[in-house]
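Trainee: Structure provided below as structure tokens; questions to follow.
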Amino acid sequence: MKSTTRGTLAAVITCVAAAAGAAAGVAPAAAIGTVPVPVPLDGVEKSLNVELPRIGGEIPLPTPGAPEGPRFVEGRLIPERVVPQLPVAAGLPGLGVRTPLPEILGNEFNHIGLDAPASDLRTLGPGLDVDAPLTAPNPDRFGLPDLKLPEAGVLTPVLQTVPTADLGLGKGL
């Protein structure tokens, strides 16, 4: 192999390694579950010469999932879940507040804080389940289907979460 070919190959490998290292160090926006939202009160605090609460929040990013498709069931002409339920994973917004507390309760407590972190939320949208007014072909009637009552149903939406919060007293702000 010529020295120019080796040099070019080394430069390409170096560039690929640098790009892979840079990509590994930065998380893509889709991989981040929440976006922090600080409330800047520093300007008001300095202009009024007053200690103000520290407020911040978290806004979750919803991510749609793959719906569970229709399922074919023996004895039905139309598959189950004609309109499938769409799963969406997100979260409830989070909130963090710390406010100064006058030393009414003693010298140990200088702030009161509320911390309600963003919690996971799992949802399924409503779906539709219908069936035709005919049965599958009946061999006793020479392959003709029997009549039956039509079926229609709405699959109810699902909402699952476990929110948490913490209220406490502490030193400092």
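The values are calculated or read from the model by the stated rules, or taken from the named source; none is laboratory data. Keep in mind the model is a prediction, meaning the values are calculated, not measured. Counting neighbours? That spans all protein chains shown, and the Cβs are built from the backbone with ideal geometry, glycine included.
Trainee: Quick check on segment 133-147: of everything there that is part of a loop (DSSP other than H, G, I, E, B) and either outside the structural domain of V88 (by TED's automatic domain parsing) or modelled with pLDDT of 85 or more (or both), which residue is farthest from P79 (Cα to Cα)?
Mentor: Here the answer is F142.
Trainee: Among residues belonging to segment 45-61 that are within 15 Å of I112 (Cα to Cα) and in a strand (DSSP E or B), point out the one that is farthest from the chain's Cα centre (by Cα).
Mentor: Selected residue: R54.
Trainee: Of the numbered conditions (1) out of contact with any Gly (no Cβ under 9 Å at 6 or more places or on another chain); (2) within 22 Å of T63 (Cβ to Cβ), Q85 fails exactly one; give the number of that condition.
Mentor: (1) is the only condition that Q85 fails.
Trainee: Also, I was wondering about something else. Scan segment 44-60 and give yes if some residue there is hydrophobic (A, V, I, L, M, F, W, C), within 21 Å of H111 (Cα to Cα), touching a strand residue (DSSP E or B) at 6+ places or on another chain (Cβ under 7 Å) and at pLDDT 50 or above, otherwise no.
Mentor: yes
Trainee: Among the numbered criteria (1) under 26 Å from P163 (Cα atoms); (2) at pLDDT below 60; (3) hydrophobic (A, V, I, L, M, F, W, C), which one does A11 miss?
Mentor: For A11, the exception is condition (1).
Trainee: Oh, and also: I'd like the full set of residues that are surrounded by fewer than 17 Cβ atoms within 10 Å (Cβ to Cβ) and either part of a strand (DSSP E or B) or out of contact with any Asp or Glu (no Cβ under 8 Å at 6 or more places or on another chain) (or both), limited to segment 113-132.
Mentor: L114, D115, S119, D120, R122, G125, P126, L128, V130, A132
Trainee: Residue by residue through segment 47-87, note down the ones that are of a type in the set (D, E) and touching a Lys or Arg at 6+ places or on another chain (Cβ under 6 Å).
Mentor: Across segment 47-87, the qualifying residue is only E80.
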